[in-house]
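Here is the structure we will look at, set down as structure tokens.
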Amino acid sequence: MIMVVGVNGVGKTTTIGKLAYNYNKAGKSVLLGAADTFRAAAVDQLTIWSERVGVPIVKQQMGSDPAAVAFDTVQSGVSRGSDVIIIDTAGRLHNKLHLMDELSKIKRVMNKVIPDAPMKCSWCWTAPQARTPWNRPNSLPPPRK
């Protein structure tokens, strides 16, 4: 399972499309999850990528609970026998605690389907944004359990 996170506009959805293409080309069974239910057209953009690459997608309507979409995606991935599950999430700033907590919730519900599953959380950054946390370490929220 791969959960792709990052700030707004850094190319998370495009990166997911490219990852899906490469995993699919390598013979892996890929499933995409459209858990960015906040941004207008985010689900549509990921749907276009799934069609281009030829992989299935799990999606719900705009405004749905992102954790519910992730849960449904992982359940579907298990039932389909998917090798790789990639979850798209809404852009968020690292210093917004309530948005970071939402990522923790998404991870928790995914682990309810597959406890202790190997999971990668991939951050997408642009070069100037990648420097921000290291330039201002107090801008990061404290670690949460």
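Return a yes/no flag: does region 57-69 have any residue that is surrounded by fewer than 22 Cβ atoms within 10 Å (Cβ to Cβ) and among the basic types (Lys, Arg).
no
Can you spot a residue in region 97-115 that is under 25 Å from Gly27 (Cβ atoms), within 15 Å of the chain's Cα centre (by Cα) and either at pLDDT 85 or above or of a type outside the set (D, E, K, R) (or both)?
yes
With respect to the numbered conditions (1) touching an Asp or Glu at 6+ places or on another chain (Cβ under 8 Å); (2) surrounded by fewer than 22 Cβ atoms within 10 Å (Cβ to Cβ), which one is the sole condition not fulfilled by Gly9?
Here Gly9 meets the rest and fails (1).
Quick one: which residue in Asp101, Asp72 is assigned to a helix (DSSP H, G or I), within 14 Å of Met1 (Cβ to Cβ) and of a type in the set (D, E, K, R)?
On the way: Asp101 fails: within 14 Å of Met1 (Cβ to Cβ).
None of the other options fit; the residue is Asp72.
If you go through region 35-61, how many residues are in contact with a helix residue (DSSP H, G or I) (Cβ under 7 Å, 6 or more places away or on another chain), at pLDDT below 95 and either β-branched (Val, Ile, Thr) or not in a helix (DSSP H, G or I) (or both)?
Number satisfying all stated conditions: 4.
Look through Ala41, Ala68, Ala26 and report the one residue that is on the phi > 0 side of the Ramachandran plot and out of contact with any Lys or Arg (no Cβ under 6 Å at 6 or more places or on another chain).
Among Ala41, Ala68, Ala26, only Ala41 is on the phi > 0 side of the Ramachandran plot and out of contact with any Lys or Arg (no Cβ under 6 Å at 6 or more places or on another chain).
Restricting attention to region 34-52, which residues are among the aliphatic types (A, V, I, L, M) and surrounded by fewer than 21 Cβ atoms within 10 Å (Cβ to Cβ)?
Once the filter is applied, which keeps residues that are among the aliphatic types (A, V, I, L, M) and surrounded by fewer than 21 Cβ atoms within 10 Å (Cβ to Cβ), region 34-52 yields Ala40, Ala41, Ile48.
The values are calculated or read from the model by the stated rules, or taken from the named source; none is laboratory data. These figures come from a predicted structure and were not determined experimentally. No Cβ is skipped: glycine too gets one built from the backbone with ideal geometry, and neighbour counts run over all protein chains shown.
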